[in-house]
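Inspection log for the structure reproduced underneath, given as C-alpha cells.
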Amino acid sequence: MVKAGSLLLAGAALALAQDGVVRSAGLPIPGATVTATAGTQKFSALTDEDGRYHFKILPPGPWTIEVDSFGFVPAKKQVVISATPSVETFALELRPKPATPPPPFAGRRPNGGFQSVTLNQSA
C-alpha cells in the first residue's frame, strides 16, 4: 500500500526549478512574459523589477523558453531542465520601428489633382 504523502514526495522529486534573467542593452526588462513549454505542458511567469523570473516546478527534460515584452522582438531558447541548476539569460532587442508611410499628399495635389478655377459671369 502506498501512502498519499509518498506519492507527493515522489512527484516533487521529479520537478525542478528554473531561473533566468531578461535584459536589453544590459538593462533589466521588468514585466516581460516568460513561457516554458514542453509538449502539452505550459507554464508562465513575469519578470520582476530586476528582470528575473523563476519557475518553481518544471519536470526534467527539454523545454522551450520564450520571452515576450511590448516593444521588443520575442526571444526563444531550447533548454534541458536537469538536477544541475542553471540560470538562462535572454538579451532582447528593440522591435524595429515600422516603415513610415508617405505623407498623405506626397506627389499629388491636396485637392486630388484638380485645379481650382473661379468663373466670373458677366451679363
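Being of a type in the set (Ser, Thr, Tyr) and modelled with pLDDT under 95 holds for only one residue in Thr100, Thr89, and it is Thr100. Residues that are surrounded by 12 or more Cβ atoms within 10 Å (Cβ to Cβ) and within 12 Å of the chain's Cα centre (by Cα) occur in the range 47-57; there is at least one.
Here Ala75, Ala17 are screened, and the one residue that is surrounded by 11 or more Cβ atoms within 10 Å (Cβ to Cβ), out of contact with any Gly (no Cβ under 7 Å at 6 or more places or on another chain) and at pLDDT below 95 is Ala17.
Listed conditions (1) hydrophobic (A, V, I, L, M, F, W, C); (2) surrounded by 16 or more Cβ atoms within 10 Å (Cβ to Cβ); (3) touching a Phe, Trp or Tyr at 6+ places or on another chain (Cβ under 7 Å) are all met by Ala32, apart from (3).
The values are calculated or read from the model by the stated rules, or taken from the named source; none is laboratory data. Predicted model, so just to flag it, every value in this text is computed and none were measured. So basically every Cβ, Gly included, is an ideal-geometry build from the backbone, and we count neighbours across all protein chains shown.
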